[in-house]
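What follows draws every value from the coordinates through simple rules; no lab data is involved. If you're wondering where the values come from, they're calculated on a predicted model, not measured in any experiment. As a convention, Cβ positions derive from the backbone with ideal geometry for all residues, glycine included, and neighbour counts pool all protein chains shown.
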Amino acid sequence: METVNPASIARAVVLGGLVLGLLLGVVGQATRFCVRGAIADWVELDKRERFAGWMLAVGVGAIGLQALAATGLVDASRTLAWSPRLAWASCIVGGLIFGYGMILADGCPQRSLVKAGSGSLRSALVAAVAALAAVMTLRGVLAPARANVLDVWSVQLKGPQDLGNVVAAATSIPAGTLRWVLAALVLAATLGYAWRKHRGALRETWIGGIGVGLTLMAAVYVTGRFGFVAEHPETLEAAWLGTQSNRPEGLNFTAPLANALDLLTLWTDKATVPTFGVMLVLGVLLGSYASAKLRREFKLEGFDSPREFGEHVLGAVMMGFGGVTALGCSIGNGVTGLAWLSSGALLAVAGISGGAWLALRRGARELRSATA
C-alpha cells in the first residue's frame with residue numbers, strides 16, 4: 001500500500017493556492033474583472049460588459065464543477081455550497097450588508113487586493129479592515145450577532161442545497177440530470193448573452209470571465225481531488241489537506257483574509273499555518289502587482305478627503321461582517337457558489353445586488369443634491 005504523506009500533500013495544495021492566486025491577480029488586474037464593477041456599470045452607466053464577464057465566469061465554472069462532481073473526482077456534498085443546512089436569513093441579510101459595503105469601499109475583497117497590488121493605499125486599508133472585521137465576526141465581538149440572531153433562522157434540508165437536488169425533491173427527475181441541465185443552461189445563456197450583446201466588446205471581458213471560471217475549476221480540483229486522502233494516517237478518517245475548512249474549497253476571500261490576519265498575528269503558534277485560501281490571497285496581491293508593473297499601471301493612490309476615508313473604513317467593516325455572515329463574498333457566493341448552483345449563494349447574491357443597488361442610488365441622490 002502506498003504511504004500517504006499528509007504534510008507533502010498539504011504543502012502542494014498550499015503552493016497550488018499561491019499559483020492560482022498569482023494567475024487570478026494577473027487576470028483581475030489586466031481585465032478589470034470585478035463583481036462590484038459589473039453591478040455599478042449596469043446601474044450607473046447602463047454598461048454590461050463586465051456583467052457579461054461575471055456571468056461567463058459562472059457559466060464556465062458551472063460546467064466544470066458539475067463535471068468534477070458527476071465523475072466523482074470531487075465530493076461536492078462536502079463543500080460548503082452544498083451543505084444541507086440552508087441559513088437563508090444569514091445569506092440574505094449578510095449579502096445585503098456586504099453589497100452596500102462594497103460600494104462604499106469602492107471594491108469587494110478580491111478587487112481590493114488587486115487594486116492594492118496596483119498601488120492603491122485606499123484598497124490596502126480596505127483589505128486590512130475587512131480582515132479584522134471578518135475575524136471579529138467569526139469569533140469576536142460581532143460573532144453573537146451572527147450566530148444568535150441570524151444563523152438561527154435556517155432550515156435543515158434532507159439533502160444538499162444545490163438547485164438540482166432541491167428541484168428534484170419536487171419532481172421525478174433525478175438530481176444528477178437536473179444538475180447537468182441547469183449547468184448547461186447557465187453556460188448556454190451566458191455565452192449567448194455575451195456573444196449577442198458584447199461580441200464586439202473588449203477582449204478583456206471574455207478573457208476575464210473565462211479565465212476566472214477556469215481558475216475556479218482548478219481551485220476545486222486542487223483542494224477537492226489532489227488534497228483529498230481517503231484515510232488520514234493519524235485520524236483514519238477522510239481529510240482534505242491544506243484547506244482551512246477541511247473541505248473542498250473554491251475561490252473566496254473574506255474568511256481567507258481573516259485567516260491571513262490570524263497567521264500574521266499568531267505566526268509562532270504552530271497550530272496556525274498557511275492554507276490554500278491564505279496563499280490565494282497572497283497570490284492575488286503579488287500577481288496584480290506584477291501585472292501592474294509590467295503594464296506600467298502601478299501608481300500609489302491615497303485618500304482625497306476624510307469622508308472618503310470614513311466611507312472606505314465603514315464599507316470594509318460591512319464587507320467583513322457581511323461576507324462571513326453570508327458564508328461568502330461576491331466571489332465566494334457570486335462565482336463559486338453560483339457555479340455550484342447553491343441555493344444559499346443565490347440568496348446571498350440577490351442580497352449583495354440589492355445592497356449594492358441601494359448604495360448606488362444613495363450616491364446618485366447625493367450627487368444630484370450637490371449639483372442642484
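Per-residue Cβ neighbour counts within 10 Å put R32, R11 in the sequence R11, R32, beginning with the fewest. Of the chymotrypsin sites (Phe, Trp or Tyr not before Pro) found in segment 141-238, those that fall in a DSSP loop while having at most 14 other beta-carbon atoms within 10 Å are W153.
Restricting segment 257-314 to trypsin sites (Lys or Arg not before Pro) that sit in a DSSP loop and have at most 13 other Cβ atoms within 10 Å of their own Cβ leaves K270, R295, R296, K299.
For segment 1-84, the C-alpha radius of gyration divided by 2.2 N^0.38 Å, with N the number of residues, is 1.49. The share of C-alpha pairs in segment 219-315 whose separation exceeds 17 Å stands at 66 percent. When segment 6-371 is described by a simple charge dipole with +1 on each Lys and Arg Cβ and -1 on each Asp and Glu Cβ, the residue from L191, L73, V60 located farthest towards its positive end is L191.
GNM on the chain, alpha-carbon springs under 10 angstrom: the most fluctuating residue among A40, A143, A116 is A143.
Sites listed here are trypsin sites (Lys or Arg not before Pro) in segment 124-216 whose DSSP assignment is loop and whose Cβ has at most 10 other Cβ atoms within 10 Å: K158, R199.
Exposed loop sites here are GluC sites (Glu not before Pro) assigned a DSSP state other than H, G, I, E or B and surrounded by at most 12 other beta carbons within 10 Å; excluding them, the longest clear run of the chain is 3-230. Kirkwood radius, segment 6-371, all distinct C-alpha pairs, inverse of mean reciprocal distance: 20.4 Å. The alpha carbon gyration tensor of segment 171-256 gives principal lengths a ≥ b ≥ c with a/c of 1.5 or higher and a/b no greater than b/c, which makes the shape oblate. When restricted to Cα atoms, segment 1-148 yields an Rg and a Dmax of 18.3, 61 Å, respectively.
If a paramagnetic tag sat 7 Å from the Cα of L367 along the Cα-Cβ line, which residues of segment 91-117 would have the backbone N under 16 Å from that point? Hits in segment 91-117 for L367 at 16 Å: 103-107. Compute the distance from the alpha-carbon center of segment 345-372 to that of segment 29-77, in whole Å. A separation of 21 Å, based on Cα centres.
Gain in length, E237 to A12, computed as 0.36 nm per residue apart minus the alpha-carbon separation, to one decimal in nm?
79.0 nm
Straight Cα distances below 17 angstrom link K47 to the aspartates and glutamates E204, with same-chain residues fewer than 8 positions distant left out. Dimensions of segment 307-371 based on its C-alpha atoms, expressed as ranges along the principal axes with the largest first, amount to 45, 21, 14 Å. Between V155 and A350, residue separation times 0.36 nm minus the direct Cα-Cα distance comes to 68.3 nm.
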